[in-house]
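Report on one structure; see the data block that follows.
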Amino acid sequence: MKKLSLFIFAALIFCGCNSICGKENHTGSGVKYVFLFVADGFGENHYKLLKNEAGCPALDQFAFARRTGTLNFEGKVTDSAASGTAIACGVKTYNGAIGLDKNRMPVKSISKEFKEHGYKVGIISTSPINDATPSAHYANTFNRSERSLIVHDLYHSGFDFFGASHFYLDSRYQPQEAEYLALIAQKYQVCQGSKWDQLKPEDKNFVINRMERNFPGKPRKTPALADFTALAVKMLDNPGGFFLMVEEGFTDVYSHANDSGALLRAAIDFDRAVAVALEFQKQHPTETLIVVTADHNTGGLHFLDNYVPGETSLLYQQIQLSDLQEKLVNLYLQKADWDLFERTIVDTLSLGRITPAERNELKNYFAYFVKQQRKKSKNKDNYVLPDTLPDLPGKNHSSTLAFAAARLRDKRNGLAWEGTGHTGIKVLTFAKGCGEKKFDRNDLENTSIAGLIREIVFQK
């Protein structure tokens, strides 16, 4: 009897160790490593632009890409909260909802399910970590603007790794980023900046550092999304497996700004992050699933008749449009003449020689630009403006002159944007690895992604 008791005790210790150390597969499916990549605002034409102008070595390794519906539960154009919840939790909901269904009832994300099954879980975003897409995986709140409540849910999530660009602050409570970090530091090893050598896989890690784009005129000085992805894999890799969600948020930001050159840079960064997962998959080919998708289409990018694949000047754009606008404002404050404005625009956007008609269009937008600056600044300028101006499209855009110049460049290159908001156009979903064939269908919705991952991994 004593020997039997010792045997049972030893068996319990062995089973408990396996459970704690994660050395057993948790689901019986054989899938131990799951990557979910989300390119915010990234439509089918965004993908075509990337493929044509810069190539996409990572996405080209996926055997298929299927169109995926993104509308919210009302059949209307979604925002990132409703679409993020649909992807993370598998339910359609109302715009603004984070982890809630259309009746405002909490729903469980696949990230939380992975955690319950003993997998390590990581969340990365180039956007604020309490923005809509990442927060749908760990938070439940009726409105995406509840920034502080979302951080509170992050703190209680128990997830193992967070990689953040920064926080959205909640203006109503006037928190500081340091306050959020102080809260998180009670459970996580917080690393601010890119000194990552002190991080340990056995800790729960929260890494916060801006992820900038790499431009010819403004080289990157921060880690890229691919660097964060590689770090997360290093911190999460264990015999029990992990789930990692990676979001590129600036494909959306630049699409809202109709900044084609910066969009292309962000898309390249996204493809390179996917390449990190593909490299990991080579080491675990029978245990890894990689899914790549988008939450919605932003801007309605489309191609004109004069578009020639691979012949645009987008990669020669020196800086992002918002930085160009800042330069133009400084020129205004310095009371620069028109020739300097023109040279700055031409050099930044690699326009080369502009035609008289193009110059006239830019000067009309320049007049609107000056009127805007006169309202904002006490600067006494001497610019002579026309008495009347044509009703130019996009004249009220926040970066009117830079925006107009970029639109002129895009027109030359055979590109155009429908607007600056979200659209209902379907996006693309890619899958590679364990169970990939389940994604090879023509009726995909954003809610399908969580459901198919559950079916593949949890077999339900």
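Quick check on my filter: what residues within the range 161-211 are of a type in the set (Asp, Glu) and under 21 Å from residue 236 (Cβ atoms)?
197, 202, 203
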Task: Residues (buried (at least 19 other Cβ atoms within 10 Å of the Cβ) and β-branched (Val, Ile, Thr)) located in the range 74-106 - done: 78, 85, 87, 91, 93, 98
Task: Flag if residue 383 is in the same structural domain as residue 319 (by TED's automatic domain parsing), buried (at least 18 other Cβ atoms within 10 Å of the Cβ) and either modelled with pLDDT of 85 or more or closer than 21 Å to residue 263 by Cα (or both) - done: no
Open item on the list: Exactly one condition in (1) within 30 Å of residue 316 (Cα to Cα); (2) among the hydroxyl-bearing types (Ser, Thr, Tyr); (3) modelled with pLDDT of 95 or more is false for residue 194; which is it?
Closed with: (3)
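Those residues that are surrounded by 14 or more Cβ atoms within 10 Å (Cβ to Cβ) and not hydrophobic (A, V, I, L, M, F, W, C), I need them from the range 360-380; list them, please.
361, 363, 364, 365, 368, 371, 372, 373, 374
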Open item on the list: I need the full set of residues from the range 327-343 which are part of a helix (DSSP H, G or I), over 16 Å from residue 215 (Cα atoms) and without any contact (Cβ under 8 Å) to a residue 24 or more places away in the chain, in order please.
Closed with: 330, 331, 339, 340, 342, 343
TODO: For the range 233-290, name all the residues that are among the hydroxyl-bearing types (Ser, Thr, Tyr) and closer than 27 Å to residue 314 by Cβ.
DONE: 251, 254, 255, 260
Open item on the list: With basic (Lys, Arg) and either in contact with a strand residue (DSSP E or B) (Cβ under 6 Å, 6 or more places away or on another chain) or in contact (Cβ under 8 Å) with a residue 24 or more places away in the chain (or both) as the only criterion, which of 221, 204, 195 stands out?
Closed with: 204
Open item on the list: Return the pair list, or none, for Cβ contacts closer than 7 Å from residues in the range 58-76 that are within 18 Å of residue 46 (Cβ to Cβ) to residues that are part of a loop (DSSP other than H, G, I, E, B) and polar (S, T, N, Q), at least 6 apart or on different chains.
Closed with: 66/442; 70/78
Task: Number of positions in the range 404-444 that are of a type in the set (Asp, Glu) and within 30 Å of residue 361 (Cα to Cα) - done: 2
- [ ] Could you tell me whether any residue of the range 301-312 is under 28 Å from residue 88 (Cα atoms), touching a helix residue (DSSP H, G or I) at 6+ places or on another chain (Cβ under 9 Å) and at pLDDT 95 or above?
- [x] yes
- [ ] Give the range 234-244 a look and list any residue that's at negative phi and in contact with an Asp or Glu (Cβ under 9 Å, 6 or more places away or on another chain), or say none.
- [x] 235, 236, 239, 240, 242, 243
Open item on the list: Quick test of your reading of the structure: residue 437 fulfils all but one of (1) surrounded by 17 or more Cβ atoms within 10 Å (Cβ to Cβ); (2) without any contact (Cβ under 8 Å) to a residue 60 or more places away in the chain; (3) closer than 26 Å to residue 280 by Cα. Name the failing condition by number.
Closed with: (1)
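Is it true that residue 452 is crowded, with 21+ Cβ neighbours inside 10 Å, in the same structural domain as residue 43 (by TED's automatic domain parsing) and at negative phi?
Numbers: crowded, with 21+ Cβ neighbours inside 10 Å: yes; in the same structural domain as residue 43 (by TED's automatic domain parsing): yes; at negative phi: yes.
So residue 452 passes the test.
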Task: Within the range 121-140, tally of residues that are surrounded by fewer than 24 Cβ atoms within 10 Å (Cβ to Cβ) and over 14 Å from the mean Cα position of the chain (by Cα) - done: 1
Task: helices (runs of 4 or more DSSP H) fully within the range 1-109 counting 2 or more residues that are at pLDDT 95 or above - done: 44-53, 80-89
- [ ] Kindly indicate whether any position in the range 197-207 is surrounded by fewer than 22 Cβ atoms within 10 Å (Cβ to Cβ) and at pLDDT below 95.
- [x] yes
Open item on the list: Quick check on residue 129: is it in the same structural domain as residue 245 (by TED's automatic domain parsing), free of Cβ contacts under 8 Å to residues at least 60 places away in the same chain, in contact with a strand residue (DSSP E or B) (Cβ under 8 Å, 6 or more places away or on another chain) and within 17 Å of residue 40 (Cβ to Cβ)?
Closed with: no
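The values are calculated or read from the model by the stated rules, or taken from the named source; none is laboratory data. Predicted, not measured: the structure shown is a model, and the values here were computed from it. Neighbour counts run over all protein chains shown; Cβ positions are idealised from the backbone, glycine included.
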